[in-house]
Amino acid sequence: MSVNIIKCGSLKQKPSEIVGFGKCFTDYMYVAEYENGSWNDGAIVPYDAFSLAPCSSVLHYGQAAFEGLKAYRNKNGDVRLFRARDNFKRLNTSLGRLCIPPIDEQKAYNALKALVNLEREWIPVADGTSLYIRPYVFADDKSLGVHAAKRYKFVIILSPSGAYYARGFAPVSLKVERRYVRASKGGTGAYKVVGNYAASILAGDEAVRDGYDQVLWLDAQERKYVEEVGSMNIFFVFGGKVVTPELNGSILPGITRDSCIKILKSEGIHVEERAVSVDEVLAGAKSGELTEIFGTGTAAVISPVDRLGDDGDYIIGERGKSGKIAAMLYERLTGIQTGKLSDTFDWVDVI
Ligand SMILES: *Cc1c(COP(=O)(O)O)cnc(C)c1O
C-alpha cells in the first residue's frame, strides 16, 4: 500500500553541517487523523504548523504520547532503521493507558519507511550523526471536559541530529533525587506520555543548579529503590556483575535497555534485573565494588556516569572516562545501527 504525498511548493536549504538535537526539521511530515471512530490512511504533507482551537483538549488535559527512534545513513547510502516496529508497539501501549484508540502498527511502519525514504538526503552521514524520528499522538477535541477525546492526530516528524558525543564519549553526573518523584505504580511511568516529562522538569532544573547533568529517580513509595534517569534506563556494574532495575510498572521499558541486556547475555555476561536500592549503590560506590554506572536511551545510546551526588559526591570508576562494559555496549550497538557490525539480532531494516 502506498502513502499519499502532498508535495511542497519549494524545499528548504539543507544545512551544510548538523549540530545539536531537535532544532532542525525536514521538508515533510506524516499526519493521520482519527475522527468518527476510525483512523484515516494519513498522508505525507509539507512540514508546517497545525491550527489548534484554543479549547483543543490536548492543551488542557495532556492526552498525548510520543516515541523516539533513529535512522542512520552510512557511506554506501544505505538507510537503516533500528527496531522501529518496537517503537510503534510501545506507542500503542502508551495510547492504551491514555484511552486513545490504537494506531495500525503495520500502516505506521509503512508510512515511516515512505517518509524516511522521501527524506533520505536529509540524513547526515558523519560519524555519530543520525536522523531522529519523533512519532506522536495527541487529542484534538474542540471542547472542554475531562474524558477521552473523539478526535486525534498521529504525526511523524524527522530531525537530522548532530553527533551526541561531539567531544568524545564523555561521562555525565547524576544527582540522587530525594525530594521529587517521577512515577508511581498505577500511574504512567511505564508509558511515554507527555505529562511525565512536564512533571520532571523542576527536578532536572534543580539538579543542574546543583552542578549535575541529570536526576537519578527513586521509587515513589519507599524512596529506596533506583528507578531510572530523565530519559534513560540505568545499569550498574557491581564486582563484574551487571544489574539493572527490573521493569516494575513505574519504569519506562527502554528499547536500548532491552538491546543492552540481549548483547550482554550473548557475550556470556550475566545480567540481573531486580530491585536495586540506593543504599546498595552508595555502599558500592564507597567500597569501590561499584565500578560502573551507565544510562541507556535512544538519544545518547549509552551514557557513562562518572559522578553521583547525594550526601556528598561519589566518583564512579575513573573521572572523565567510560567504564569497559559501557564502552563495549556503545561500540556494539552503534556498530549494529550503522552497519559496521553485522546485525546478528535482526534489529535493523535497510530501506
Ligand atoms: C524514552 C525513555 C527511555 C529510553 O527508552 P529507549 O527506547 O531506549 O529510547 C528511558 N526512560 C524514559 C523515561 C524515557 O522516556
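Between region 10-67 and region 83-154, the alpha-carbon centres lie 9 Å apart. Simple point charges give the picture: +1 on the Cβ of Lys and Arg, -1 on the Cβ of Asp and Glu, and for the chain a dipole about the Cα centre of about 520 debye.
Projecting the Cα positions of ILE316, GLY254, VAL226 onto the charge dipole of region 225-316 (unit charges on Cβ atoms of Lys, Arg, Asp and Glu, taken about the Cα centre) puts GLY254 furthest along the positive direction. Among SER303, SER143, SER56, which one shows the biggest mean-square fluctuation in a GNM of the chain, springs joining Cα atoms closer than 10 Å? Result: SER143 has the largest fluctuation of those listed.
Residues considered: ALA49, ALA275, ALA64. Largest GNM mean-square fluctuation over the chain, using C-alpha springs under 10 Å, is found at ALA49. Pick out which of GLY239, GLY62, GLY309 has the largest mean-square fluctuation in a Gaussian network model of the chain, springs linking Cα atoms closer than 10 Å. Its mean-square fluctuation being the largest, the pick is GLY239.
Of all DSSP beta bridges in region 172-338, what percent run antiparallel (nearest 5)?
So the antiparallel bridges amount to about 70 percent of the total.
Across region 172-338, C-alpha contacts under 8 Å between residues 6 or more apart give a mean separation that, scaled by the residue count, equals a relative contact order of 23 percent.
Rounded to the nearest 20 debye, the dipole size of region 28-162 about its Cα centre is 360 debye, using +1 on the Cβ of Lys and Arg and -1 on the Cβ of Asp and Glu. The sum of -39500 (n - 2.57) across all DSSP H runs of n ≥ 4, divided by the residue count of the chain, sets its helix-only mean residue ellipticity at 222 nm to -7000 deg cm²/dmol.
Per-residue 3J(HN,Hα) values for region 25-34, derived from phi via the Karplus relation 6.51 cos²θ - 1.76 cosθ + 1.60 with θ = phi - 60°, read 10, 7, 6, 10, 9, 10, 9, 10, 10, 10 Hz in sequence order (x marks Gly and Pro). Scalar couplings 3J(HN,Hα) for region 310-322, obtained by applying the Karplus form with A = 6.51, B = -1.76, C = 1.60 to θ = phi - 60°, are 8, 6, x, 9, 10, 8, 9, x, 9, 3, x, 10, 7 Hz; x denotes Gly and Pro. Please tell me the relative contact order of the chain in percent, rounded to the nearest whole number, where contacts are Cα pairs under 8 Å and at least six residues apart. Across the chain, relative contact order equals 18 percent. Using the charge dipole of region 172-338 (Lys, Arg: +1 at Cβ; Asp, Glu: -1 at Cβ; taken about the Cα centre), state which of VAL181, TYR330, ILE293 has its Cα farthest towards the positive end. Result: TYR330.
How high is the relative contact order of region 89-223, in percent, counting Cα pairs under 8 Å that sit 6 or more residues apart?
Details: 149 pairs, mean separation 30.1, N = 135.
Averaging sequence separation for qualifying contacts and normalising by length gives 22 percent for region 89-223.
Net charge dipole, region 172-338: roughly 280 debye, given to the nearest 20, about the Cα centre with Cβ charges of +1 for Lys and Arg and -1 for Asp and Glu.
Any read-out appearing in this document is the output of simple, stated calculations on the displayed coordinates, not a laboratory observation. Just so it is clear, the model here is predicted, and its values are computed rather than measured. Positions of Cβ are generated from backbone atoms using ideal geometry, with glycine treated the same way; all protein chains shown enter the neighbour counts.
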